[in-house]
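Colleague: One structure coming up, written as structure tokens, with questions to follow.
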Amino acid sequence: LGPNSEISIDTLDARLATDGARTIVLTQLQGDIQHNVATREDGSSYVVSTPAGTGTAVGTQFQVVVLGTDLVQFMVMAGQVDVTSADASVPVMSGQASTVVAGQPPTPPALFISGEGEVSQMGAVWIIAGQTFQTDANTRILGNPQVGDWVRVEGYLLPDGTALATRIVLLYGAPENRFS
């Protein structure tokens, strides 16, 4: 669980493999949570509901980031997660991400990217650690980073190869950006 994360356990039927299928249903209301789901071939299910969409996994390692009440990102590290919203579902495979805006279908799966580095340009286009990232109306910028600050960036590659940032988080400010 990341800081300020909130999750509820809605259904917890965690049977032994010899006793039948497991059913686990969670609701993630906010924050950044990594989920590690053991592989079972017995019809077990693991579901994470969010304010914007739902992810269903079987034998998977994935991360769910709830960025407010209207934006959620599912990032899959291993296996597959079926992401559903607005009566549409997309399979998100290892190394891919899908973003869900409340009331809209999930974005097509795309290769996810993440990293850390110093900000050298801000605006519609950010340059972080020498890499260029586009932003859009759904990009969340947390902590008021400035040029010279160190940030973490997460996002995905668009079909044309452009890196789109979904979240930029201030990790620590440059000394020249601090006030005391």
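The values are calculated or read from the model by the stated rules, or taken from the named source; none is laboratory data. Fair warning: this is a prediction, and the values are worked out from it, not measured in the lab. When we count neighbours, we look across all protein chains shown, and the Cβ atoms used for this are built from the backbone with ideal geometry, even at glycine. The protein model used for the area step is the full one, side chains on, heavy atoms only, and it has no ligands, DNA or RNA in it. Shrake-Rupley method; radii C 1.70, N 1.55, O 1.52, S 1.80 Å.
Colleague: Given +1 on the Cβ of Lys and Arg, -1 on the Cβ of Asp and Glu, and no further charges, what dipole in debye does segment 16-114 carry about its Cα centre, rounded to the nearest 20?
Modeller: On the way: 2 positive and 7 negative charges, 22 e Å.
For segment 16-114, the charge dipole is close to 100 debye.
Colleague: Compute the distance in nm between two label points, each set 7 Å from the Cα along the Cα-to-Cβ direction, one at T27 and one at V169.
Modeller: 2.4
Colleague: Based on the Cβ-Cβ distance from A124 to Q61, what FRET efficiency comes out when R0 is 35 Å, to the nearest 0.05?
Modeller: Once the sixth-power term is evaluated, E becomes 0.55.
Colleague: At 7 Å along Cα-to-Cβ for each site, give me the label-to-label distance between D136 and R15 in nm.
Modeller: 4.3
Colleague: Something else: Check each of the chymotrypsin sites (Phe, Trp or Tyr not before Pro) in segment 93-180 and keep only those in coil by DSSP with at most 11 other C-beta atoms within 10 angstrom; list them in order.
Modeller: On the way: sites: F112, W126, F133, W150, Y156, Y172, F179; in loops: F179.
Within segment 93-180, the qualifying chymotrypsin sites (Phe, Trp or Tyr not before Pro) (loop, at most 11 other Cβ atoms within 10 Å) are F179.
Colleague: A further question on this structure: Taking springs between alpha-carbon atoms closer than 10 angstrom, which of Q80, Q104, Q96 fluctuates most in the Gaussian network model of the chain?
Modeller: Q104
Colleague: Could you provide, to the nearest whole Å², the per residue accessible area of the chain with probe 1.4 Å?
Modeller: Values: 9160 Å² over 180 residues.
It amounts to 51 Å² per residue over the chain.
Colleague: About its Cα centre, how strong a charge dipole does the chain have in debye, to the nearest 20, once Lys and Arg get +1 and Asp and Glu get -1 at the Cβ?
Modeller: Roughly 160 debye for the chain.
Colleague: Compare the Cα positions of S44, T132, T27 along the charge dipole of the chain (+1 at Cβ of Lys, Arg; -1 at Cβ of Asp, Glu; about the Cα centre) and return the one farthest towards the positive end.
Modeller: Farthest towards the positive end: T132.
Colleague: Ranking request for peptides 5-16, 39-50: highest mean number of other beta-carbon atoms within 10 Å first, then the rest in descending order.
Modeller: 39-50, 5-16
Colleague: So, one more: Roughly to the nearest percent, how much of the accessible area of segment 34-151 is carbon and sulfur, given a 1.4 Å probe?
Modeller: Of all accessible area on segment 34-151, carbon and sulfur atoms account for 52 percent.
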